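The structure appears below as structure tokens.
Nothing in this text is a laboratory measurement; each read-out follows from the coordinates by a stated rule. Bear in mind the structure is a predicted one, so any value in this text is a computation, not a measurement. Don't worry about glycine lacking a Cβ; one is built from the backbone with ideal geometry, like all the others, and counts go over all protein chains shown.
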Amino acid sequence: MSEILDKLFECVEFGKINAASPYPPQLKGQDGASEYTQKALAQGFSPAEIMDTALIPAMTKVGQKFSENKIFVPQMLLSAKAMNAALVYIKPYFSSGEIKRKGTFIMGTVNGDLHDIGKNLVCMMVEGAGWDVIDLGVDVGPEKFVESLKQHPDAYVGMSALLTTTMPNMKIIIDAIREVNPKTKIIVGGAPVSADFAASIGADAYAGNPQEDVEALERFREECA
Ligand code: B12
């Protein structure tokens, strides 16, 4: 890999957003993901090459480190921010069709629940892994999920719940989705949710963290190919 893409990988892995950002201390005063992405494009690297050899592998590594408790929420948030700073320059190529998205992921925190920190992390990591993400926000009931699925019938769905009192709403939403689109793959997550609970409400997968979510989406994509 070229030095510039190595540097971009490092910026995303360690959460160096741009030249002005003081974090992480070992990269203080150096360019960040924003500058390196612009430089890489100016030097003729294709957006797809930048995504596939620097940005996505860096986010995959971040996801793995988070799964293994080697880094924690603040570090992952900074990495996701660095990724987003890079994506600002890459996104125009998604809309032009030069880069293909892997698919669409519709995500929301279920009705009655306002916790969105985990959901936002999942959205950022999934977007960083090359998916189009539709974030429906918090307090999302069955109607909104179904409406979004009507607009994106091939999308995969993710739901988050942080309250034991809102976990049952996941089943109501799944039942509503199955009525209109029985084949939609649905992933559930959130601190009180477990694999057993996911199975009991008819979800297709449980994922404990954003990395597992990305892996489940990749599995579903391969199954559908
Ligand atoms: C921050 C917080 C709040 C904030 C939320 C701010 C926000 N914008 O989200 C505020 C102050 C608003 C809040 C309010 C309340 N909260 Co609160 N809150 C928390 C707290 C401290 C942290 C949650 C958090 O953000 N964690 C960090 C994120 C990164 O972790 P996470 O959400 O679990 O997400 C990770 C995974 O679960 C996973 N994930 C999450 N969603 C999904 C989805 C998918 C598809 C996948 C694959 C993965 C995934 O990925 C993330 C990264 O690994 C927790 C305690 C705790 N330690 O968890 C209590 C907690 C969740 N809250 C609790 C309660 C009771 C409430 C209130 C009812 C309090 C009250 N009496 O008003 C209200 C409810 C408001 C409502 N209707 O939702 C209880 C829930 C208890 C229970 N058994 O249900 C907890 C556990 C605190 C406690 N110990 O009592 N809360």
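Points worth noting:
- Ranking 80, 5, 125 by Cα position along the charge dipole of the range 1-150, where only Lys, Arg, Asp and Glu carry charges on their C-beta atoms, puts 5 farthest toward the positive end.
- Under the span-like rule (Cα at least 18 Å along the axis, Kyte-Doolittle mean at least 0.0), DSSP H helices of the chain: 73-96, 167-180
- Using the Cβ-Cβ distance between residue 42 and residue 183 with R0 set to 35 Å, the FRET efficiency works out to roughly 0.20.
- Taken about its Cα centre, the chain carries a charge dipole of roughly 220 debye when the Cβ of each Lys and Arg holds +1 and the Cβ of each Asp and Glu holds -1.
- Residue-span extension gain [residue 6 to residue 93] - 0.36 nm each, minus C-alpha spacing: 29.2 nm
- Counted over all Cα-Cα pairs of the range 121-189, pairs farther apart than 19 Å make up 31 percent.
- For the listed peptides 21-29, 189-197, 78-86, a ranking on the average number of other beta carbons within 10 Å per residue, highest first, reads 78-86, 189-197, 21-29.
- Cross-link reach list, lysines versus residue 91, counting only Cα pairs under 17 Å and skipping chain neighbours closer than eight places: 39, 81, 100, 102
- Stokes-Einstein translational diffusion, the range 3-96 - Kirkwood Rh over all Cα pairs, 1.567 mPa s, 4 °C, in µm²/s: 100 µm²/s
- Net charge contributed by nearby residues that have their C-beta within less than 14 Å of residue 24 (K/R +1, D/E -1): +2
- Separation of alpha-carbon centers, the range 173-225 and the range 119-150, rounded to whole Å: 13 Å
- Counting charges near residue 36 (Lys, Arg +1; Asp, Glu -1) among other residues having Cβ under 14 Å from its Cβ returns a value of -4.
- Contour minus Cα-Cα distance for residue 191 and residue 73 (0.36 nm per residue): 41.1 nm
- Straight-distance crosslink candidates among aspartates and glutamates, where the alpha carbon sits under 15 Å from residue 28 and sequence neighbours closer than 8 are dropped: 10, 13
- Taking only Cα atoms of the range 63-126, radius of gyration then Dmax in Å: 14.1, 40
- Whole-number Å³ per residue for the convex hull built on Cα positions in the range 104-224: 84 Å³
- Computed from the C-beta positions of residue 165 and residue 102, the FRET efficiency with R₀ = 45 Å rounds to 0.85.
- Charge tally in the Cβ shell below 11 Å around residue 108, where Lys, Arg are +1 and Asp, Glu are -1, residue 108 excluded: -2
- Two-site FRET efficiency, residue 222 against residue 143, from Cβ-Cβ distance with R₀ of 30 Å, rounded to 0.05: 0.45
- Diffusion of the chain by Stokes-Einstein, at 37 °C in a medium of 0.692 mPa s and with Rh set to the Kirkwood radius over alpha-carbon pairs, works out to 182 µm²/s.
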